[in-house]
Amino acid sequence: MLKNLLTLSVGCVFAILLIWLIVRLLTSEVMAVGSELPNMKYVNEMGQLDSLKKDEKVNTIVCLFRSDCEHCEYQLDVFNKCIDSLKNTRMILMTGESDEVLARIRAKYGNLSQVNKVSWGSVRLEEFIKLFGRKNTPAIFVFNLKSKLVAKFLGEVKIVTLIKYCQ
């Protein structure tokens, strides 16, 4: 009886893994490596409607964060301390939270707010998920000079890793 129960359990686990694998293989990735920078609209730090634009002069990092996320705070702190080490790169830091929350976060990470190559914005999370396929934070997407996605990270990432993709 115990042997039958064990066999049934292993069979169920195997079936679930097989179904999960088939679904993963048949579902296309929303933002696959090689994808172009989407023309997503967002509200910038000045309260104006803006959109992601291709810029063949610099690499682009797009980061989605939340104010109540410890990993996001860590990542923003890393960006704040090391922004000068990201040469030839612009960064667009986005949240799905209110303008007031965005203003508070911008004040907390002063170095990022004083650098021309960093933009802040509020975005509708539904729009971000539709175009980037992620809502977990921090979600970091690196686009090269041709505005093609070369790397994406879910969670904290070391600055040396980002530098590697932004050379």
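So for the stretch 132-153 (the condition being over 13 Å from the mean Cα position of the chain (by Cα) and among the hydroxyl-bearing types (Ser, Thr, Tyr)), does at least one residue qualify? Break it down stepwise before answering.
Going residue by residue through the stretch 132-153, those that are over 13 Å from the mean Cα position of the chain (by Cα) are 144-148.
With the extra rule that they be among the hydroxyl-bearing types (Ser, Thr, Tyr), the set shrinks to 147.
Yes, that holds for at least one residue.
Every residue in the stretch 134-157 that is in a loop (DSSP other than H, G, I, E, B) and touching a residue at least 40 places away in the same chain (Cβ under 8 Å), please. Explain how you work it out, then say what you get.
Let us first name the residues in the stretch 134-157 that are in a loop (DSSP other than H, G, I, E, B), namely 134-138, 144-147, 155-157.
Once the filter is applied, which keeps residues that are in a loop (DSSP other than H, G, I, E, B) and touching a residue at least 40 places away in the same chain (Cβ under 8 Å), the stretch 134-157 yields 134, 135, 137, 138, 144, 145, 146, 147, 155, 156, 157.
Residues checked against (1) without any contact (Cβ under 8 Å) to a residue 12 or more places away in the chain; (2) open to solvent by 10 Å² or more (accessible area, probe 1.4 Å); (3) closer than 21 Å to residue 163 by Cβ; (4) not small (Gly, Ala, Ser):
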| residue | (1), (2), (3), (4) |
| --- | --- |
| 57 | no, yes, yes, yes |
| 75 | no, no, yes, yes |
| 116 | yes, yes, yes, yes |
| 120 | no, no, no, yes |
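Look through the stretch 1-32, keep the residues that are under 22 Å from the mean Cα position of the chain (by Cα) and open to solvent by less than 100 Å² (accessible area, probe 1.4 Å), and return whichever of them is modelled with the highest pLDDT. Break it down into steps so the answer makes sense when it comes.
Pass one, the stretch 1-32, residues under 22 Å from the mean Cα position of the chain (by Cα): 24, 27-32.
Then keep just the ones that are open to solvent by less than 100 Å² (accessible area, probe 1.4 Å); that gives 27-28, 30-32.
Values: 27: 49, 28: 50, 30: 68, 31: 80, 32: 87.
Filtering first and then ranking leaves 32.
Answer with yes or no whether residue 86 is hydrophobic (A, V, I, L, M, F, W, C) and either free of Cβ contacts under 8 Å to residues at least 60 places away in the same chain or open to solvent by 10 Å² or more (accessible area, probe 1.4 Å) (or both). Please lay out each step first, then the result.
Values: hydrophobic (A, V, I, L, M, F, W, C): yes; either free of Cβ contacts under 8 Å to residues at least 60 places away in the same chain or open to solvent by 10 Å² or more (accessible area, probe 1.4 Å) (or both): no.
No, not satisfied.
The values are calculated or read from the model by the stated rules, or taken from the named source; none is laboratory data. These numbers were taken from a predicted model, which means no experiment stands behind them. For neighbour counting, all protein chains shown are included, and Cβ atoms are generated from backbone atoms with ideal geometry for every residue, glycine included. The area values use the complete protein model at the heavy-atom level, side chains included, leaving out ligands, DNA and RNA. Shrake-Rupley method; radii C 1.70, N 1.55, O 1.52, S 1.80 Å.
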